[in-house]
1. As a test of the formula, what do you get for the chain when each DSSP H run with n ≥ 4 contributes -39,500 (n - 2.57) and the sum is divided by the residue count, at 222 nm and rounded to the nearest 500 deg cm²/dmol?
2. Could you please state, rounded to a whole Å, how far the C-alpha centre of the stretch 88-118 is from the C-alpha centre of the stretch 16-42?
3. Tell me, what is the FRET efficiency for residue 137 and residue 48 to the nearest 0.05, using R0 = 35 angstrom and their Cβ-Cβ distance as r?
4. For the stretch 1-119, treating each Cα as an identical point scatterer without solvent, what Debye log10 I(q)/I(0) comes out at q = 0.09 1/Å?
5. Can you figure out the FRET efficiency of residue 144 with residue 17, using R₀ = 22 Å and their beta-carbon distance, to the nearest 0.05?
6. Explain nothing, just the number: relative contact order of the stretch 83-148, from Cα pairs under 8 Å at least 6 residues apart, as a whole percent.
7. Quick one: work out the % antiparallel among DSSP beta bridges in the chain, nearest 5.
8. Below 8 Å, C-alpha to C-alpha, sequence gap of six or more: please give me the relative contact order for the chain in percent.
């Protein structure tokens, strides 16, 4: 396709794209709840943000509200259907990160617990209805710990 790289520099090869009710509110929430760094906001035809991006470590999450090309895709909280997709990301301190998410307005789904594969994880649901699993690796994986 020419001499251009297949993706822009400093852009991950794959990113989640979430439908949210309010792009600006989602961006502020991801910063408060998860420590994400706000990225761009792009206004839609109505002058309100229709697309946003946030950064976490070496990753990016994009989000938007229903628009002309996707009018029927809505946040799980709007459709009242649980999301089939969940986000999983590592944090330095799962217990502190989990508490921060709850204090920001997430709903607890699973309190932090050690898992057989070596991660300590906790799961929350954000105001738009998305499931976020936060994890800290606390031990090496040991196949002997696999459930039978």
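1. Taking each H run of at least 4 residues, the total per residue is -5000 deg cm²/dmol.
2. Answer, in whole Å: 19.
3. Details: r = 40 Å, r/R0 = 1.14.
In this case the efficiency is close to 0.30.
4. -0.31
5. So, using R0 = 22 Å, E works out to roughly 0.05.
6. After rounding, I find 37 percent.
7. Roughly 75 percent of the beta bridges in the chain run antiparallel, per DSSP.
8. 20 percent
Here, each number is a calculation from the coordinates, and none is a lab measurement. Since the structure is predicted, the reported quantities are computational estimates derived from the model, not experimental observations. Using ideal geometry, Cβ is built from the backbone for each residue, glycine included, and neighbour counts are taken over all protein chains shown.
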